[in-house]
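Colleague: Before anything else, here's the structure in question.
The values are calculated or read from the model by the stated rules, or taken from the named source; none is laboratory data. If you're wondering where the values come from, they're calculated on a predicted model, not measured in any experiment. Here the Cβ positions follow ideal geometry from the backbone for every residue, glycine too, while neighbour counts run over all protein chains shown. Note: accessible area is taken over every heavy atom of the protein model, side chains too, but ligands, DNA and RNA are not part of it. Shrake-Rupley method; radii C 1.70, N 1.55, O 1.52, S 1.80 Å.
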Amino acid sequence: NLWGQQNTPPIPTHMKTAIGTKTVIADEEDDMLHSASSDEDQILQFAASCNVPIDLDEDAFIIDSPDHLQSVHELAMVPLQSRRFESAISVFQKLLRGLESADKFEHLIGSTHHNIGMIQLCQGHYMDALSSFQKAVHARKQCLPSNHPDIAISLQREGVAHFALSAMNEAVECFEGALEFFPDEDATRAKVLNNIGVAQYQLEAHAKSLKSFTSALEIQRPWLEGPVWRECMVFDASITLANMGKVNVRKGDYDLAYFVFEEACLLQTSSFRKDHDIVLISLDNMARVHAKNGNQAEALRIFTSLSRSQVARFGPDNEACIETFGMKGVAHFKLLEFEEALECMNRVATWQAKNLVPSHPAVREVKENIKQIKRCIQGEEPMWV
């Protein structure tokens with residue numbers, strides 16, 4: 001809910017309240033064209049109500065005062081809050097053309113490229129976002145001091161776009177470039193170090209990845225121990241711990257992986273509900289590590305608790321619930337509890353029959369599991385297999 005899409009777009013106080021907002025639902029091609037035209041008309045109406053000058057020949061906003069800039073940003077929020085991303089980009093592009101023709105607000109050019117890139121990230125248009133962030137970095141370096149934090153923010157986002165495009169080396173380069181802008185104890189520095197660690201993990205540079213996560217956690221721990229207990233700091237530190245756990249799983253150090261997953265979960269439950277997404281993910285991580293380490297009874301205990309929370313929150317037919325039932329079935333099987341294993345796997349198979357095509361690999365795998373369990377029940381399968 002980064003852009004507040006679920007809320008009614010606010011009408012700025014300096015705009016005419018008689019002008020409302022509308023969302024056009026386009027089901028047919030003609031309706032889509034009409035929607036685009038309506039959005040453009042609405043943009044022009046709002047701009048006029050804000051007294052923002054418009055150069056119709058250049059299709060650009062003319063920015064002569066801070067009020068004009070504020071009005072354009074508030075105007076962009078209207079389509080953003082209803083997830084009409086292209087309309088929002090159109091607003092910023094008009095602003096960009098106006099700023100470039102004015103040749104006197106260079107720093108705002110960089111900000112506008114950055115804002116366009118943020119919307120393109122939300123759209124999943126990562127190549128376009130990458131181009132926008134690169135333009136933002138270039139523009140900001142041209143007019144801002146060499147250590148200005150705005151440059152670092154655009155570098156970080158450029159790294160995120162590279163990461164989304166699986167260009168991990170380029171992502172690390174951008175993140176490391178942004179790292180130089182932050183003091184040693186800055187909380188944002190910890191976030192950048194975490195990003196570096198994630199990219200290094202994808203590059204299978206596990207030792208470097210673990211070092212980056214450890215450095216991030218060293219910055220985050222004093223914030224956790226301070227007088228102000230903030231949810232965002234708990235969230236960030238628990239994510240770093242969980243990432244350290246992932247690296248240790250990959251290295252085969254399951255005991256250490258469980259230790260950091262458990263610490264992450266304890267942190268999360270101190271600030272978030274026990275059925276919060278991030279808590280459920282931590283419980284799943286803890287259970288899977290137990291299973292990998294051969295502690296099937298402990299894995300089953302946590303999977304059982306997890307499934308109760310998932311069913312209560314999402315309902316029994318949710319995909320995450322079904323996956324947990326499958327993991328419970330595996331644990332029951334390895335504990336030689338075949339009747340319970342069969343019950344879990346049958347539940348998974350029933351869900352798959354309704355939601356997956358018969359040729360799906362998971363369907364074939366579950367069918368084979370059920371056959372094996374039935375052979376064990378009938379005494380036809382060697383117990384040690």
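Colleague: Quick one: is residue 152 within 19 Å of residue 119 (Cα to Cα), assigned to a helix (DSSP H, G or I) and either among the small types (Gly, Ala, Ser) or in contact with a helix residue (DSSP H, G or I) (Cβ under 6 Å, 6 or more places away or on another chain) (or both)?
Modeller: On the way: within 19 Å of residue 119 (Cα to Cα): yes; assigned to a helix (DSSP H, G or I): yes; either among the small types (Gly, Ala, Ser) or in contact with a helix residue (DSSP H, G or I) (Cβ under 6 Å, 6 or more places away or on another chain) (or both): yes.
Against the criterion (within 19 Å of residue 119 (Cα to Cα), assigned to a helix (DSSP H, G or I) and either among the small types (Gly, Ala, Ser) or in contact with a helix residue (DSSP H, G or I) (Cβ under 6 Å, 6 or more places away or on another chain) (or both)), residue 152 qualifies.
Colleague: On the given criteria, is residue 119 open to solvent by less than 20 Å² (accessible area, probe 1.4 Å) and part of a helix (DSSP H, G or I)? Give the derivation first.
Modeller: Numbers: open to solvent by less than 20 Å² (accessible area, probe 1.4 Å): yes; part of a helix (DSSP H, G or I): yes.
Yes.
Colleague: Does residue 190 meet the test of being in a helix (DSSP H, G or I), in contact with a Leu (Cβ under 6 Å, 6 or more places away or on another chain) and either closer than 27 Å to residue 223 by Cα or open to solvent by 50 Å² or more (accessible area, probe 1.4 Å) (or both)? Break it down stepwise before answering.
Modeller: On the way: in a helix (DSSP H, G or I): yes; in contact with a Leu (Cβ under 6 Å, 6 or more places away or on another chain): no; either closer than 27 Å to residue 223 by Cα or open to solvent by 50 Å² or more (accessible area, probe 1.4 Å) (or both): yes.
Judged against the criteria, residue 190 is not a match.
Colleague: Could you please let me know if residue 156 is out of contact with any Cys (no Cβ under 9 Å at 6 or more places or on another chain), open to solvent by 20 Å² or more (accessible area, probe 1.4 Å) and without any contact (Cβ under 8 Å) to a residue 40 or more places away in the chain? Please lay out each step first, then the result.
Modeller: Values: out of contact with any Cys (no Cβ under 9 Å at 6 or more places or on another chain): no; open to solvent by 20 Å² or more (accessible area, probe 1.4 Å): yes; without any contact (Cβ under 8 Å) to a residue 40 or more places away in the chain: yes.
Against the criterion (out of contact with any Cys (no Cβ under 9 Å at 6 or more places or on another chain), open to solvent by 20 Å² or more (accessible area, probe 1.4 Å) and without any contact (Cβ under 8 Å) to a residue 40 or more places away in the chain), residue 156 does not qualify.
Colleague: Of the residues 217, 210, 203, which single one is under 23 Å from residue 253 (Cβ atoms) and open to solvent by less than 20 Å² (accessible area, probe 1.4 Å)? I'd like the intermediate steps shown before the answer.
Modeller: Numbers: 210 fails: open to solvent by less than 20 Å² (accessible area, probe 1.4 Å); 203 fails: open to solvent by less than 20 Å² (accessible area, probe 1.4 Å).
Unique residue meeting the criteria: 217.
Colleague: Restricting to the range 174-187, what's the tally of residues that are surrounded by 20 or more Cβ atoms within 10 Å (Cβ to Cβ) and touching a residue at least 40 places away in the same chain (Cβ under 8 Å)?
Modeller: Count: 0.
Colleague: Identify all residues within the range 294-327 that are more than 26 Å from the chain's Cα centre (by Cα) and open to solvent by 60 Å² or more (accessible area, probe 1.4 Å); write none if there are none.
Modeller: Listed by number, the residues that qualify are 295, 297, 298, 301.
Colleague: So which residues in the range 179-218 are under 18 Å from residue 137 (Cα atoms) and over 20 Å from the mean Cα position of the chain (by Cα)?
Modeller: 179, 180, 181, 182
Colleague: Exactly one of (1) open to solvent by less than 60 Å² (accessible area, probe 1.4 Å); (2) part of a helix (DSSP H, G or I); (3) more than 28 Å from residue 160 (Cβ to Cβ) is unmet by residue 234. Its number?
Modeller: With respect to (1) open to solvent by less than 60 Å² (accessible area, probe 1.4 Å); (2) part of a helix (DSSP H, G or I); (3) more than 28 Å from residue 160 (Cβ to Cβ), residue 234 is out only on (3).
Colleague: Can I ask one more? For the range 246-293, which residues satisfy the criterion of being open to solvent by less than 60 Å² (accessible area, probe 1.4 Å), under 19 Å from the mean Cα position of the chain (by Cα) and under 16 Å from residue 214 (Cα atoms)?
Modeller: 264
Colleague: Check residue 97 against each of (1) among the basic types (Lys, Arg); (2) more than 24 Å from residue 165 (Cβ to Cβ); (3) open to solvent by less than 30 Å² (accessible area, probe 1.4 Å) and name the one condition it does not meet.
Modeller: Going through (1) among the basic types (Lys, Arg); (2) more than 24 Å from residue 165 (Cβ to Cβ); (3) open to solvent by less than 30 Å² (accessible area, probe 1.4 Å) one by one, residue 97 breaks only (3).
Colleague: Could you check the range 193-207 and list, in sequence order, the residues that are farther than 18 Å from residue 242 by Cβ and assigned to a helix (DSSP H, G or I)? Spell out how you get there, then give the answer.
Modeller: So the first thing to find is which residues in the range 193-207 are farther than 18 Å from residue 242 by Cβ, and the list is 203-205, 207.
The answer is 207, and nothing else.
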